[in-house]
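The values are calculated or read from the model by the stated rules, or taken from the named source; none is laboratory data. The shown structure was predicted, so the numbers you read here are calculated from the model rather than taken from an experiment. Glycine gets a Cβ as well: all are built from the backbone with ideal geometry, and neighbour counts include every protein chain shown. Accessible surface is based on the protein model in full, side chains and every heavy atom, while ligands, DNA and RNA are left aside. Shrake-Rupley method; radii C 1.70, N 1.55, O 1.52, S 1.80 Å.
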Amino acid sequence: MTLGIVVASHVDHIAEGVHRLLKESAPDVSITYAGGTDDGEVGSSYALIEAAIEQNDSDTLYCFYDLGSAKMTLEMVSEMTDKDVTIIDAAFIEGAYTACALIQGGYKQAEIDDQLEPLKVK
Amino acid sequence: MELTHEQAKRWLLNFHQKVTDNKAYLSELDQAIGDGDHGSNMARGTEAVKDKLGSVTEDSLEAVLKQAAMALISKVGGASGPLYGSAFMAMAKTAKETSELSTLIEAGLDGIKHRGKADVGDKTMIDMWQPVTSALHEDDLTEVTIDQALEDVKPLKAKKGRASYVGERSMGALDPGAVSSGYLFTALIEEVLA
């Protein structure tokens, strides 16, 4: 199945903005996002990240995040979901953009992994 | 010693009170080496724990710990949410097998290490949980253990989390997660061990 992309940020507008950017280059890729806490504050929300993962059309997901607690929350959700979730420690925007462009272009997962490797910064 | 579900509830309510009373102090500590939201995040999280505990009707230690975990995971918002949440989730799982206190706290410690990929000496909450776990195994957890752990955490250089960005500057400062964990264990002493 085609890869889907999940974007998790500490801020709702960042997640929304990154999603908008990604959609430009990858209109056919399933991209879902979560930003901020349940109350719209700065932080991470288990419920919002869980929803982004569950609502993505794909069952195989590459997840990109901005800072540590978004990663830890992604990890907790990934342990609970039945989906195949991979958390990518790449530069947030560059990594997500690269993955989306390559999925849109029909590249295979192994080729995408190769391109993401040099973007890993965390 | 065994932990009962009533003791666990009193322990968590006491923790909520201590965090709420010291909310400004925890944020002040976090301001120095992190992003300054530990007090408000933990106050929000433990308030949610308090609310959730009201809905636990069954006499089950596992249920109490699990509801606390879910509240912390859902409501804290910062890194301490997944960390405290993983600790209580690990304790809840362990409570299916045993209610022995030192075994439960050790499971919590392992949960934090797993989630944060940190260890002793990284200047994190682990530097409180580890000595407390050791003291519980020796049947010797007192305020002295907690005070000593806080003294020991001060000179460390942060290697994990936001505080690691300021590197050397973290030396001499208290770690807010170690301090809030200290409140957790002072609450444990007051409600369970005293």
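Taking the Cα centre of chain B as origin, sum charge times position over the Cβ atoms of Lys and Arg (+1) and Asp and Glu (-1), and report the length of that vector in debye to the nearest 20. Working shown, then result.
Numbers: 21 positive and 30 negative charges, 193 e Å.
Rounded to the nearest 20 debye, it is 920 debye.
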Expressed as a whole-number percentage, the relative contact order of the range A:3-119 with C-alpha contacts under 8 angstrom and at least six residues apart is 29 percent
Carbon and sulfur atoms account, in whole percent of the 1.4 Å probe accessible area of the protein assembly as shown, for 49 percent
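Let me check against my output: what whole-number percent is the relative contact order of chain B, with C-alpha pairs under 8 Å and at least 6 apart? Kindly include the intermediate steps, with their values, before the conclusion.
Numbers: 324 pairs, mean separation 45.4, N = 194.
Here the relative contact order equals 23 percent.
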Accessible-area order for B:Thr20, A:Thr37, largest to smallest, probe 1.4 angstrom, reads B:Thr20, A:Thr37
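Using the Kirkwood radius over C-alpha pairs as Rh, can you work out the diffusion coefficient of the range B:86-174 via Stokes-Einstein at 20 °C, viscosity 1.002 mPa s, in µm² per second? Intermediate results must be reported in sequence, preceding the final value.
Numbers: Rh = 13.6 Å.
For these conditions, the coefficient is 157 µm²/s.
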Sorting B:Arg162, B:Arg115 on solvent-accessible surface, 1.4 Å probe, most exposed first, gives B:Arg162, B:Arg115
Among residues of the range B:75-119, a drop of 40 Å² or more in 1.4 Å probe accessible area, assembly relative to the chain on its own, occurs for B:Gly77, B:Pro82, B:Arg115
Rounded to 0.05, the calculated FRET efficiency for the beta carbons of B:Asp21 and A:Thr81 at R₀ = 45 Å is 0.75
Simple spin-label estimate for B:Glu100/B:Glu190, 7 Å along Cα→Cβ, in nm, reads 2.9 nm
Length gained, B:Met171-B:Lys157, 0.36 nm per residue minus C-alpha separation, equals 4.5 nm
Normalised per residue, the volume inside the convex hull of the alpha-carbon atoms of the protein assembly as shown in Å³ amounts to 128 Å³
Ranking B:Gly111, B:Gly36, B:Thr142 by how far each Cα lies towards the positive end of the charge dipole of the protein assembly as shown (+1 on Lys and Arg Cβ, -1 on Asp and Glu Cβ), the top one is B:Gly36
Of the candidates B:Val166, B:Met70, B:Met125, the farthest towards the positive dipole end of chain B (Lys/Arg Cβ +1, Asp/Glu Cβ -1, centred on the Cα centre) is B:Val166
Of B:Gln148, B:Gln67, B:Gln17, the most mobile residue in a GNM of chain B (C-alpha springs, cutoff 10 Å) is B:Gln148
Taking only the alpha-carbon positions of the range A:3-119 as identical scatterers, the Debye log10 I(q)/I(0) at q = 0.17 Å⁻¹ comes out as -0.72
For B:Lys96, counting only lysines whose alpha-carbon sits under 23 Å away and dropping same-chain residues fewer than eight positions off, the answer is B:Lys9, B:Lys50, B:Lys52, B:Lys66, B:Lys113
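Once fully extended, how much extra length lies between A:His13 and A:Val121, figured as 0.36 nm per residue of separation less the alpha-carbon to alpha-carbon distance?
On the way: separation 108, 0.36 × 108 = 38.88 nm, distance 2.30 nm.
Gain on stretching A:His13 to A:Val121: 36.6 nm.
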Any aspartates and glutamates whose Cα falls less than 20 Å from that of B:Lys157, other than same-chain ones fewer than 8 residues away, would be B:Glu28, B:Asp30, B:Asp35, B:Asp119, B:Asp122, B:Asp127, B:Asp147, B:Glu168, B:Asp175
Percent of all alpha-carbon pairs of chain B at distances over 26 Å, whole number, is 23 percent
